[in-house]
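Below is one structure, written out as C-alpha cells, with a few remarks after it.
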Amino acid sequence: MVSVINTVDTSHEDMIHDAQMDYYGTRLATCSSDRSVKIFDVRNGGQILIADLRGHEGPVWQVAWAHPMYGNILASCSYDRKVIIWKEENGTWEKTHEHMGHDSSVNSVCWAPHDYGLILACGSSDGAISLLTYTGLGQWEVKKISNAHTIGCNAVSWAPAVVPGSLIDQPSGQKPSYIKKFASGGCDNLIKLWKEEEDGQWKEEQKLEAHSDWVRDVAWAPSIGLPTSTIASCSQDGRVFIWTCDDASGNTWSPKLLHKFNDVVWHVSWSITANILAVSGGDNKVTLWKESVDGQWVCISDVNKGQGSVSTSITEGQQNEQ
C-alpha cells in the first residue's frame, strides 16, 4: 500500500512543472510557470519556505540538485533560454552562474554522478545539448553537442558511474575505469545515448527507436553494478518503454512496453533502488510500477490528483502479482 505522507502548498501562482527532493530528503525544490524556483524545508512533515528564487524571465521547466559534497547547489532551466545555477552560502541562496548559450527554451537539466565532478547536462529546443563543467574559482567550461536532436531536445539523464557487471566481475582493489554516458530524448521521437571519447569529445553511441511521437522524458536507472543496464522513456504517444541492455559493450538495447496510457506521459522517475518506476501523465495521475517475478511490469498504485486517497487497483487486464 502506498500512502501520501505530505502535501506541500507551494503558493506558486501558476502551474508547477517540477519538484525535486535533495539528497537527504529534507528539502524540496519546485519550479513553475510563474518564473520562480522555491525551496522548502520538508522535515517531519513540515513545509517551511527557505528561498524564493527569482532570476528567470519565463516558465521554469526543471530543477536539479547537485550532490551535497559540492555544497547546496541547485540548477534550473527555463523557456527564457537560460540555465541558472544557485548556491547557498551562509544560509542565503544566490545565483552563482548563468548559462546563456542556447537559442531557444532549455527544457531539461541533469547533474552527472558526483564521481565525475560538477558537470551539468542541459537539453534545449534549439536541438543542442550543452555540458557545463565546473573548473574552479567560479569558472564553468562549456561543451556543446549541436544538432543532438532535430527540432529539439526534451530530456537528459546520466548513466550511473558504475560499470555494468562490476559487482560480479570487478577484481578486488582495482579501480574501475569510468566512461561518462548519458541519454537524451527529443522531438525526433528518438532516445540517443552519448559517450565521452578519450579526447573529451561527445559521440552518439546509440539511437533507440520505438516511440511514435516526441520523447518527453528519459531516466537511466540507478545501478549497483549488476550486468543489466536499464532506461525508462515516455512520450507524447502515451507509451512508456523500459529499455534493457545485457551485453557489456552496451550495443544491444531491447524495449519492453510498460503501458500505453490514454494521454501524454510527461515524466518517468526511478526509486533509488531502481525497482519502482513513477510515471506522471496528462491524466493528472502518478502511477507506481514494479517488475514482477515473471518480468511483467505491474501497477502497484496510483495517486490521484490533489487527493490524499491512493488506490491500489491494478490496470485492467493485468494480474496483481505482488
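The values are calculated or read from the model by the stated rules, or taken from the named source; none is laboratory data. As the structure is a computational prediction, the values presented were derived from the model and not from experiment. Ideal geometry is used to build each Cβ from the backbone, glycine not excepted, and the neighbour counts take in all protein chains shown. Side chains included, ligands, DNA and RNA excluded: accessible areas come from the protein's heavy atoms. Shrake-Rupley method; radii C 1.70, N 1.55, O 1.52, S 1.80 Å.
General observations
- Estimated FRET transfer efficiency when R0 is 45 angstrom, pair Asp115-Asn284 (beta carbons, to 0.05): 0.75
- Ordering Val298, Ser233, Ile179 by Cα displacement along the dipole of the chain toward the positive end leaves Ile179 in first place; charges were set at the Cβ atoms of Lys, Arg (+1) and Asp, Glu (-1).
- Put His17, His99 in order of accessible area, highest first, and with a 1.4 Å probe you get His17, His99.
- When Arg35, Arg27 are compared by accessible area of protein heavy atoms, the largest-first order is Arg35, Arg27, using a 1.4 Å probe.
- For Lys195 and Ser3, a Förster radius of 51 Å and the Cβ-Cβ distance give a FRET efficiency of 0.80, rounded to the nearest 0.05.
- The Arg54 and Thr133 beta-carbon pair, evaluated with R₀ = 30 Å, returns a calculated FRET efficiency of approximately 0.65.
- Net charge of Cβ neighbours under 9 Å - reference Ile73; Lys, Arg +1; Asp, Glu -1: 0
- Whether the stretch 1-113 is rounded, prolate or oblate, judged on the alpha carbon gyration tensor where a/c under 1.5 counts as rounded: prolate
- The charge dipole of the stretch 89-240, taken about its Cα centre with unit charges on the Cβ of Lys, Arg, Asp and Glu (plus for the first two, minus for the last two), comes to roughly 240 debye.
- Pair Ser271, Ser104: separation of 7 Å Cα→Cβ label points (nm): 3.8
- Sum of side-chain charges, Val156 neighbourhood, beta-carbon under 12 Å (Lys, Arg +1; Asp, Glu -1): +1
- Ligands, DNA and RNA are left out, and with a 1.4 angstrom probe the accessible area of the chain is 49 Å² per residue.
- Solvent-accessible surface (1.4 angstrom probe) belonging to Ile151, in square angstrom, nearest 10: 120
- Heavy-atom accessible area, probed at 1.4 angstrom with all protein chains present, ranks Asp246, Asp217 as Asp246, Asp217, highest first.
- For the stretch 143-260, the Cα gyration tensor yields ellipsoid semi-axes of 26, 18, 10 Å (square root of five times each eigenvalue, largest first, whole Å).
- Over 23 Å between alpha carbons, listed pairs Lys87/Lys192; Lys181/Lys207; Lys87/Lys203: Lys87/Lys192; Lys87/Lys203
- Summing charges over neighbours of Ser36, with a neighbour being any other residue whose Cβ is under 10 Å away from its Cβ, gives -1 when K and R count +1 and D and E count -1.
- Gyration tensor verdict on the stretch 97-207 (Cα atoms; rounded if a/c is under 1.5, prolate if a/b is larger than b/c, oblate otherwise): oblate
- Gyration tensor verdict on the chain (Cα atoms; rounded if a/c is under 1.5, prolate if a/b is larger than b/c, oblate otherwise): rounded
- Spin-label pair Val142-Ile224: with each label point 7 Å from Cα along the Cα-Cβ axis, the two points sit 4.1 nm from one another.
- Longest segment of the chain lacking GluC sites (Glu not before Pro) that sit in a DSSP loop with at most 12 other Cβ atoms within 10 Å: 58-196
- Solvent accessible area, Å² - Trp253, 1.4 Å probe, full protein context: 30
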